[in-house]
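Peer 1: Before I ask anything, here is the structure I am working with.
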Amino acid sequence: MLMGRIFNVVKVSASLVSARWLSSAARRRLFSDRAAMPFGNRYVEIRKQHFVEIADRNAQKRLFALSVEMVEIEVFSYCNRKCWFCPNVDYDRRGANVIMESSLYDKVLKELSEIDYKGKIFYSRYNEPFADRMILDRLRQARTTLPKARLCTFTNGDYLTPEFLGEIYDAGLREMYVSLYLGNKVRFDDDRMEARIERFVEKMGLSGSWKIRTRGVEYHFKADYRDMELVVFGRNFNEIGYDRGGTVQLANACTRRSPCLIPFTAMYIDANGSVVPCCNIRSDIPDHRGYLVGDLHNDSIYDIYAKRLVGWRAELIRFGGKKTPCDMCLMHETKIPATQAIVTLSEEIYEKFTQRG
Ligand code: SF4
Ligand code: SF4
């Protein structure tokens, strides 16, 4: 179950960044070694170190701890669906299930424990995380190894029952985004989507309230479930979908102009241990193989973050046209508006912080 535009309405924690510094940065956005880039309703800290390959392990860890808010881990590859707006239509996820080796998962958690990682871990990439009950063991292990991390996932909801939800909660998950679909080939329909959400909420015995009901675009129902953030939604991907690195054609296709901050704030790990620069890139798509930034069999997560993403960040920090696979990507496109002040800030960051300016 893949992640989508929900992050446009779900606040990502900025707690890793000093509130005092950000408040002064909001007045003056560029300092000698860091800058505050507006991103939706908050700021993301951009550091000079983001654009320099760092070899020292402790310095790598410091930068990672200051910057990374989310690590996405695909513990296995299987998904039961082939949604029309998803690369799974063309790239099979229903055949062989690639399961992340437990030694590799151990390694990721152990490395993150070295900084007492406090960000989010998501268990959804192009798989359906609840298709296999092994997710419960993976959650428990993360809960024990990383007590301060917040465990989260997207799901298509197909495997959820009230009992399973209870087990998932007990295993440690505290954020769940249930993205409901009408059928692998069925296009969005307001009435059918609203009814689908209502049926799901009733089946699960949940109460709550509608937060978004925008006809033709999206519906979000916020459910009350213990202290879990639980949102059930349905979205029209022809309006708000992404081209997934050029693998999906949608009606909203247009050129990307704004910076992308994903390679500053997140890490994405495929079930086979490959690390990719963002959620839109997959190691099992032949055209994407040139975009991989590491393999956790050989590299540490800190080495990959502090060395291999440097070029991506320099390419993406400015406004203007992008190279493939980013040229038509609309992910978070509107979160950094092209005001004169922000365009100037991005140019100053590029000029002063990168090796290219
Ligand atoms: S549920 Fe649909 S959108 Fe999600 S990963 Fe599977 S095929 Fe893709
Ligand atoms: S702009 Fe590029 S790096 Fe950013 S999310 Fe899109 S494809 Fe990924």
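The values are calculated or read from the model by the stated rules, or taken from the named source; none is laboratory data. These numbers were taken from a predicted model, which means no experiment stands behind them. Glycine also receives a Cβ, built like all others from the backbone with ideal geometry; neighbour counts cover every protein chain displayed.
Peer 1: Of the numbered conditions (1) surrounded by 23 or more Cβ atoms within 10 Å (Cβ to Cβ); (2) of a type in the set (Ser, Thr, Tyr); (3) within 16 Å of ligand 2 (Cβ to nearest atom); (4) without any contact (Cβ under 8 Å) to a residue 40 or more places away in the chain, Ser274 satisfies every one except a single condition; which is it?
Peer 2: In the conditions (1) surrounded by 23 or more Cβ atoms within 10 Å (Cβ to Cβ); (2) of a type in the set (Ser, Thr, Tyr); (3) within 16 Å of ligand 2 (Cβ to nearest atom); (4) without any contact (Cβ under 8 Å) to a residue 40 or more places away in the chain, Ser274 misses (1) alone.
Peer 1: For segment 111-122, check the following and say yes or no: at least one residue is surrounded by 21 or more Cβ atoms within 10 Å (Cβ to Cβ), over 22 Å from Phe164 (Cβ atoms) and touching a residue at least 60 places away in the same chain (Cβ under 8 Å).
Peer 2: Taking segment 111-122 first, the residues surrounded by 21 or more Cβ atoms within 10 Å (Cβ to Cβ) are 112, 117, 119, 121-122.
Checking which are over 22 Å from Phe164 (Cβ atoms) leaves us with 112, 117, 119.
So of that shortlist, the ones also touching a residue at least 60 places away in the same chain (Cβ under 8 Å) come out as 112, 119.
Checking segment 111-122: at least one residue is surrounded by 21 or more Cβ atoms within 10 Å (Cβ to Cβ), over 22 Å from Phe164 (Cβ atoms) and touching a residue at least 60 places away in the same chain (Cβ under 8 Å).
Peer 1: Given the condition part of a helix (DSSP H, G or I) and either modelled with pLDDT under 95 or out of contact with any Phe, Trp or Tyr (no Cβ under 9 Å at 6 or more places or on another chain) (or both), answer yes or no: does some residue in segment 28-50 qualify?
Peer 2: Narrowing segment 28-50 to residues part of a helix (DSSP H, G or I): 48-50.
Cutting the leftovers down to either modelled with pLDDT under 95 or out of contact with any Phe, Trp or Tyr (no Cβ under 9 Å at 6 or more places or on another chain) (or both) gives us none.
Within segment 28-50, not a single residue is part of a helix (DSSP H, G or I) and either modelled with pLDDT under 95 or out of contact with any Phe, Trp or Tyr (no Cβ under 9 Å at 6 or more places or on another chain) (or both).
Peer 1: Another question about this same structure. I'm trying to understand the selection: among the residues of segment 92-110, which are over 21 Å from Tyr126 (Cβ atoms) and in contact (Cβ under 8 Å) with a residue 60 or more places away in the chain?
Peer 2: Taking segment 92-110 first, the residues over 21 Å from Tyr126 (Cβ atoms) are 103, 106-107, 109-110.
Lys107, the sole residue that qualifies.
The rows are residues; the columns are (1) in a loop (DSSP other than H, G, I, E, B); (2) in contact with a helix residue (DSSP H, G or I) (Cβ under 8 Å, 6 or more places away or on another chain); (3) at pLDDT 95 or above.
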{"site": "Ala306", "(1), (2), (3)": "no, yes, yes"}
{"site": "Glu315", "(1), (2), (3)": "no, no, yes"}
{"site": "Pro325", "(1), (2), (3)": "yes, yes, yes"}
{"site": "Pro337", "(1), (2), (3)": "yes, no, no"}
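Peer 1: Hey, among Pro162, Pro147, which residue is more than 30 Å from Ala59 (Cβ to Cβ) and of a type outside the set (A, V, I, L, M, F, W, C)? Let's see the steps before the verdict.
Peer 2: Values: Pro147 fails: more than 30 Å from Ala59 (Cβ to Cβ).
Checking each option against the conditions leaves just Pro162.
Peer 1: Residues being within 25 Å of the chain's Cα centre (by Cα), surrounded by fewer than 19 Cβ atoms within 10 Å (Cβ to Cβ) and not hydrophobic (A, V, I, L, M, F, W, C): count how many of those fall in segment 336-349.
Peer 2: Here the count works out to 1.
Peer 1: So, in segment 246-292, of the ones that are β-branched (Val, Ile, Thr) and more than 16 Å from the chain's Cα centre (by Cα), which residue ends up nearest to Phe76 (Cα to Cα)? Show your work before the answer.
Peer 2: Filtering segment 246-292 down to residues β-branched (Val, Ile, Thr) leaves 247-248, 255, 262, 265, 269, 275-276, 281, 285.
This time we only want the ones that are more than 16 Å from the chain's Cα centre (by Cα), so: 247-248, 255, 285.
Numbers: Thr247: 21, Val248: 22, Thr255: 33, Ile285: 16 Å.
Per the stated criteria, the residue is Ile285.
Peer 1: Give the number of residues within segment 240-265 that are within 26 Å of Tyr219 (Cβ to Cβ), within 14 Å of ligand 2 (Cβ to nearest atom) and of a type in the set (Gly, Ala, Ser).
Peer 2: Counting residues in segment 240-265 that are within 26 Å of Tyr219 (Cβ to Cβ), within 14 Å of ligand 2 (Cβ to nearest atom) and of a type in the set (Gly, Ala, Ser) gives 2.
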